[in-house]
Amino acid sequence: MARTLSKPPKTVDLHAEAFLANLDIYETNELLAESLELMREMLDAAIYWDYTEIRFIHGKGKGILRQAVYDELAQYRQSAAIASYHPSYHNEDIVVVNIGL
């Protein structure tokens, strides 16, 4: 069976300006929703491709994106889709998601 999902990068920048054009047409809540959708797509693809880990850059700012990412990852963890997640030891603006056990 051929795989249909593209392999995601090992590190994904969730800042809207990294993957969206015309940011001024989006409301703040829409930008957050787009970032979370990208995270879900990349994480699902990483699981599909049997990655052992993937990293997401959420940055500093007010912590709104970081908190939303961690809330979403908690749901993935609770459903046993991922093994764990934690801030990168070298940069707390990045969350490391461990997919395998």
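Some notes on this structure:
- Among the residues of segment 68-91, just one is open to solvent by 60 Å² or more (accessible area, probe 1.4 Å) and touching a Lys or Arg at 6+ places or on another chain (Cβ under 9 Å), namely TYR85.
- Complete set of residues in segment 12-43 that are open to solvent by 70 Å² or more (accessible area, probe 1.4 Å) and either closer than 11 Å to ILE99 by Cβ or of a type in the set (Ser, Thr, Tyr) (or both): THR28
- Residue match in segment 1-11 (condition: open to solvent by less than 100 Å² (accessible area, probe 1.4 Å) and over 25 Å from ALA83 (Cα atoms)): yes
- Hits in segment 75-98 (condition: farther than 18 Å from ASP13 by Cα and either under 14 Å from the mean Cα position of the chain (by Cα) or of a type outside the set (Gly, Ala, Ser) (or both)): GLN75, TYR76, ARG77, GLN78, ALA81, ILE82, SER84
- ILE57 touching a Leu at 6+ places or on another chain (Cβ under 9 Å) and open to solvent by 50 Å² or more (accessible area, probe 1.4 Å): no
- GLU34 without any contact (Cβ under 8 Å) to a residue 24 or more places away in the chain, assigned to a helix (DSSP H, G or I) and closer than 23 Å to LEU5 by Cβ: yes
- Residues in segment 3-31 that are part of a helix (DSSP H, G or I) and charged (D, E, K, R) were compared, and the one that is farthest from LEU73 (Cα to Cα) is ASP24.
The values are calculated or read from the model by the stated rules, or taken from the named source; none is laboratory data. Keep in mind the model is a prediction, meaning the values are calculated, not measured. Heads up, the Cβs are rebuilt from the backbone with ideal geometry, glycines too, and the neighbour counts pull from every protein chain shown. Protein only, heavy atoms only, side chains kept; ligands, DNA and RNA dropped before computing areas. Shrake-Rupley method; radii C 1.70, N 1.55, O 1.52, S 1.80 Å.
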